[in-house]
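> Take this structure, written in C-alpha cells, and hold onto it; I'll ask about it next.
The values are calculated or read from the model by the stated rules, or taken from the named source; none is laboratory data. These numbers come from a predicted model, not from an experiment. Every residue, glycine as well, gets a Cβ built from its backbone with ideal geometry; the counts of neighbours run over all protein chains shown.
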Ligand SMILES: Nc1nc2c(ncn2[C@@H]2O[C@H](COP(=O)(O)OP(=O)(O)OP(=O)(O)O)[C@@H](O)[C@H]2O)c(=O)[nH]1
Ligand SMILES: [Mg+2]
Ligand SMILES: [Zn+2]
C-alpha cells in the first residue's frame with residue numbers, strides 16, 4: 001500500500017506540493033518527468049482533449065492519442081507529463097505506469113481491453129436499493145473491482161427507497177470479505193463512513209449501472225450540485241445515462257477524491273482469472289476436492305461442488321454463474337491466443353490487448 005498520509009509525504013518536492021491533495025503521495029510513486037515536462041493528473045477526458053491538474057492549477061490539454069496511433073490513451077486518474085508544443089499548446093507526452101486500473105472488455109470491440117479509471121485506491125461497486133439486485137451483475141463488478149488492484153468496496157445507495165429487505169443480505173453473502181456501506185443522500189446515511197473510507201489524497205472510483213446514484217453521492221460529499229443528476233424511469237428504475245465523462249472530483253478540505261463514471265451497461269471481463277478466485281474463493285477451494293483435476297462441475301462423478309450443492313451448502317445458481325464466468329474468460333483467452341498466433345505469423349505486432357495496460361511510452 002501507498003503511504004497516503006499527506007503530512008508524511010516528505011519526498012514530494014515543494015513545487016509539487018499542491019498535487020498532494022490530488023493523490024500525489026510520494027513523487028517517486030508516479031515517476032518524475034525526465035525531460036522538460038510538467039507532472040499532472042488527468043481529471044476528465046473528452047474526445048481528444050483532457051483536463052489535467054498541475055501544481056499550477058487546471059489546464060486543458062490535447063491527448064496525443066489524437067496524433068499518435070498509440071496503444072495507451074490517457075484515462076481519468078492517470079498521472080501524466082505535459083509539454084507545450086508549438087501550435088498545439090499543452091500536450092500529454094507521457095503516461096506514467098498505472099498503480100491500479102479498472103478495466104473491462106471493450107463493449108464495441110470484444111478483443112480489446114478498455115480502461116475506465118486509473119490509480120484509484122478504492123473501487124466502489126455501487127448498487128441502488130430501489131431496484132432488484134441481479135447477483136451475477138454484482139459478482140462481475142466485484143471481479144472488475146478486485147482485478148483493478150485497488151481495494152474493493154460495495155456501496156448500497158438509496159437506503160430511503162429500499163424495495164426489498166433481502167437485497168442487503170444477498171449482497172453481504174456475495175460480498176464475502178468486501179466492506180458494504182449503505183447510504184442515502186436524502187437523509188445522509190453512510191456519508192461520514194464514506195468520507196472516512198476515502199480520506200486525504202486517496203481516490204475512490206465509483207462504478208455501477210446508470211441511475212444508481214453515483215453522481216448524487218459525489219454531490220452529497222462535495223456539498224454542492226457539481227455534477228448533473230438524472231431521473232430514473234419509474235417502471236424499472238433504469239437510469240438515463242446522465243453522466244457521459246469520467247471525472248475526478250476533489251472533496252472539500254482536501255478530503256480525498258471521487259472518480260465518477262458513466263453508468264455501465266455491459267461488463268465483459270478482461271483477463272480476470274485471478275480476480276475470480278477472490279469472488280468465488282469458496283468454490284475454488286471446494287473444486288480442489290473434485291475427483292478430476294479438470295472437473296467442469298457439470299455432472300462429473302466425484303464433483304465436490306455438486307456434493308456441496310446437494311447438501312444445501314452452496315447455491316446452485318451461484319455455481320452456474322461461476323461456471324459461466326470461467327467459460328467466458330477461457331473463450332476470451334483462446335481468442336486472444338489465436339490472435340497472437342496470427343499476428344506472429346503475419347509478423348505484425350499485436351494491437352491493444354496486453355500492451356494496453358498502461359506503462360511508459362515515448
Ligand atoms: N431517494 C433517493 N434517491 C436518490 C439517492 N441517490 C440518488 N438518487 C436519485 O437517483 C437518480 C439517479 O441519480 P444519479 O446520481 O444521476 O445516478 P448515476 O448513477 O450517476 O447515473 P448515470 O450518470 O446515468 O450513470 C436521481 O433521480 C437521484 O435523485 C438516494 O440516496 N435516495
Ligand atoms: Mg452519473
Ligand atoms: Zn467439480
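> Pairs, please: C-beta under 8 Å, at least 6 apart or cross-chain, first residue on the phi > 0 side of the Ramachandran plot and in segment 37-65, second buried (at least 22 other Cβ atoms within 10 Å of the Cβ)?
48/63
> Collect the residues in segment 223-257 that are away from ligand 2 (no atom under 13 Å from the Cβ), touching a helix residue (DSSP H, G or I) at 6+ places or on another chain (Cβ under 9 Å) and not in a loop (DSSP other than H, G, I, E, B), keeping them in residue-number order.
250, 252, 254, 257
> Going through 143, 72, 126 one at a time, which residue ends up being part of a strand (DSSP E or B), in contact with a helix residue (DSSP H, G or I) (Cβ under 7 Å, 6 or more places away or on another chain) and closer than 29 Å to residue 332 by Cβ?
None of the other options fit; the residue is 126.
> Going residue by residue through segment 289-303, is there one that turns out to be away from ligand 1 (no atom under 16 Å from the Cβ), assigned by TED's automatic domain parsing to the domain that holds residue 118 and free of Cβ contacts under 8 Å to residues at least 24 places away in the same chain?
no
> Taking into account only those residues within segment 214-227 that are closer than 17 Å to residue 200 by Cα and in contact with a strand residue (DSSP E or B) (Cβ under 7 Å, 6 or more places away or on another chain), which is nearest to ligand 1 (Cβ to nearest atom)?
218
> Moving on to the next point. From the list 325, 250, 286, exactly one residue is in contact (Cβ under 8 Å) with a residue 60 or more places away in the chain and not assigned by TED's automatic domain parsing to the domain that holds residue 121. Which is it?
325
> For the structure I just gave you, tell me whether residue 201 is outside the structural domain of residue 79 (by TED's automatic domain parsing), touching a residue at least 60 places away in the same chain (Cβ under 8 Å) and in a loop (DSSP other than H, G, I, E, B).
yes
> For residue 274, which of the numbered conditions (1) in contact (Cβ under 8 Å) with a residue 60 or more places away in the chain; (2) surrounded by 12 or more Cβ atoms within 10 Å (Cβ to Cβ); (3) away from ligand 1 (no atom under 15 Å from the Cβ) fails to hold?
Every condition holds for residue 274 apart from (2).
> OK, next. With the requirement that a residue be within 9 Å of ligand 2 (Cβ to nearest atom) and in contact with a helix residue (DSSP H, G or I) (Cβ under 8 Å, 6 or more places away or on another chain), what does segment 199-216 give you?
206
> Turning to a different aspect of this structure: Take residue 253 and decide whether it is more than 16 Å from ligand 3 (Cβ to nearest atom), buried (at least 20 other Cβ atoms within 10 Å of the Cβ) and closer than 22 Å to residue 193 by Cα.
No, not satisfied.
> Take segment 88-130 and flag every residue that is surrounded by fewer than 21 Cβ atoms within 10 Å (Cβ to Cβ) and under 20 Å from residue 211 (Cα atoms).
Of everything in segment 88-130, those that are surrounded by fewer than 21 Cβ atoms within 10 Å (Cβ to Cβ) and under 20 Å from residue 211 (Cα atoms) turn out to be 107, 130.
> For segment 294-312, name all the residues that are within 10 Å of ligand 3 (Cβ to nearest atom) and exposed (fewer than 11 other Cβ atoms within 10 Å of the Cβ).
Correct list: 294, 299, 301.
> In segment 258-281, which residue that is within 16 Å of ligand 3 (Cβ to nearest atom) and not in a loop (DSSP other than H, G, I, E, B) is farthest from the chain's Cα centre (by Cα)?
Of everything passing the filter in segment 258-281, 281 is farthest from the chain's Cα centre (by Cα).
> So, one more: Can you tell me which residue among 230, 239, 211 is near ligand 1 (Cβ under 6 Å from one of its atoms) and without any contact (Cβ under 8 Å) to a residue 24 or more places away in the chain?
So the residue among 230, 239, 211 that is near ligand 1 (Cβ under 6 Å from one of its atoms) and without any contact (Cβ under 8 Å) to a residue 24 or more places away in the chain is 230.
> Looking at segment 282-293, which of the residues that are in contact with a helix residue (DSSP H, G or I) (Cβ under 7 Å, 6 or more places away or on another chain) and part of a loop (DSSP other than H, G, I, E, B) is nearest to ligand 3 (Cβ to nearest atom)?
290
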